[in-house]
């Protein structure tokens with residue numbers, strides 16, 4: 001068993017596609033996105049001879065508050081290895097070495113591991129719960145097969161029969177069903193772009209409007225372009241456009257890899273705020289996922305129950321109206337590499353207090 005720098009995109013994605021949880025943020029293409037926007041990347045794989053048994057992708061974040069190595073929804077290990085603490089420790093040691101090589105003051109790991117997983121990354125010594133989340137930790141998802149791959153079983157050991165559109169639609173909240181029908185009656189149309197690079201400006205314009213309306217820190221336009229380019233090259237994303245009276249009123253970027261569809265980015269305009277175009281857009285994306293035979297439709301993050309000022313509070317009712325289940329993930333953790341980390345930690349704790357969550 002050894003840990004080495006990954007060289008083969010095929011071996012990497014082949015391993016990832018066979019695991020129980022297959023976050024596209026750990027895909028080879030995601031590393032290419034960050035590389036294209038100028039961030040240094042780290043790809044490590046755990047090998048047993050010629051067999052890949054684990055992967056871990058990270059990218060160097062040159063933030064003013066503290067240069068660090070971010071690991072988005074990783075590492076991904078064979079499920080048997082989750083109980084092998086010493087192997088996890090060896091991987092963490094390799095990450096430390098890589099992060100220090102890149103001049104980082106800490107590592108921030110946001111694992112896609114169900115909360116309460118035995119021997120989770122929190123069991124590794126010299127780590128701290130992060131003051132801030134790196135990614136969504138309360139995931140709302142819709143099983144597209146009768147067998148719920150995220151709640152039962154491991155890997156590809158079992159498959160379920162794809163659910164019908166009628167079965168899924170009838171389990172939506174009544175309000176959601178009515179808004180979908182109303183959007184259709186109002187003449188809203190939804191299309192999957194045949195040329196995402198050409199149509200991306202529609203998304204960028206509405207995303208900027210949405211950002212100003214809700215006051216969140218956005219990805220850069222270069223990031224969106226790189227993501228559409230990298231995942232488009234492997235047929236891994238779809239740009240949806242909802243039109244009303246000739247205007248694009250809602251748009252989204254959906255990722256689909258390894259039998260899972262993720263609603264990753266969305267935007268809409270307030271100009272036609274009374275037209276429920278986003279509901280019809282989601283329904284079309286769900287139907288497309290069913291046609292592909294996907295097993296999971298991931299709505300991404302929602303707010304934890306009982307929180308008021310969480311960044312996902314505004315979209316929680318919208319997402320949960322489509323039915324589905326909640327998957328709680330382990331909280332983000334930090335591994336300090338130098339005393340500079342504690343300055344960053346103090347700043348982030350203050351910012352979290354000011355935001356009220």
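Computed from the coordinates by the stated procedures, all read-outs in this text should not be read as laboratory data. All of these numbers come straight from a predicted model, not from anything done at the bench. Ideal geometry is used to build each Cβ from the backbone, glycine not excepted, and the neighbour counts take in all protein chains shown.
Worth a mention:
- With Cα atoms, 0 to 90° folded angle of helix 221-232 axis to the chain main axis: 90 degrees
- Gain in span if fully extended, residue 181 to residue 325, counting 0.36 nm per residue against the direct Cα distance: 49.5 nm
- Subtracting the Cα-Cα distance of residue 63 and residue 163 from 0.36 nm times their residue separation leaves 31.6 nm of extension gain.
- Bins of 5 Å, starting at 0 and running to the largest distance - Cα pair percent for the range 245-321: 3, 14, 22, 22, 18, 14, 6, 1, 0
- The angle between the Cα long axis of helix 277-292 and the main principal axis of the chain comes to about 70°, on a 0 to 90 degree scale.
- Note on residue 274 and residue 235: their simple-model spin labels are 4.3 nm apart, each label 7 Å out from Cα toward Cβ.
- Computed label-point distance, nm, for sites residue 194 and residue 287 using a 7 Å Cα→Cβ extension: 1.9 nm
- Shape call, the range 140-328: gyration tensor on alpha carbons, a/c limit 1.5: rounded
- Kirkwood hydrodynamic radius computed over the range 199-252 comes to 12.1 Å, based on all pairs of distinct alpha carbons.
- Sorting 332, 104 by the number of Cβ atoms found within 10 Å of their own Cβ, with the fewest placed first, yields 332, 104.
- Residue of 271, 18, 287 that the Gaussian network model of the chain assigns the largest fluctuation, springs spanning Cα pairs under 10 Å: 271
- The alpha carbon gyration tensor of the range 309-351 gives principal lengths a ≥ b ≥ c with a/c of 1.5 or higher and a/b no greater than b/c, which makes the shape oblate.
- For peptides 314-323, 276-285, 293-302, 191-200, sequence by mean Cβ density within 10 Å, most packed first: 276-285, 293-302, 314-323, 191-200
- Taking label positions 7 Å along the Cα-Cβ direction at both residue 7 and residue 39, the computed distance is 2.7 nm, reported to one decimal.
- Its alpha carbons considered, the chain gives a radius of gyration followed by a Dmax of 20.4, 60 Å.
- Taking Cα atoms only, the orientation of helix 196-214 departs from the longest principal axis of the chain by about 90 degrees.
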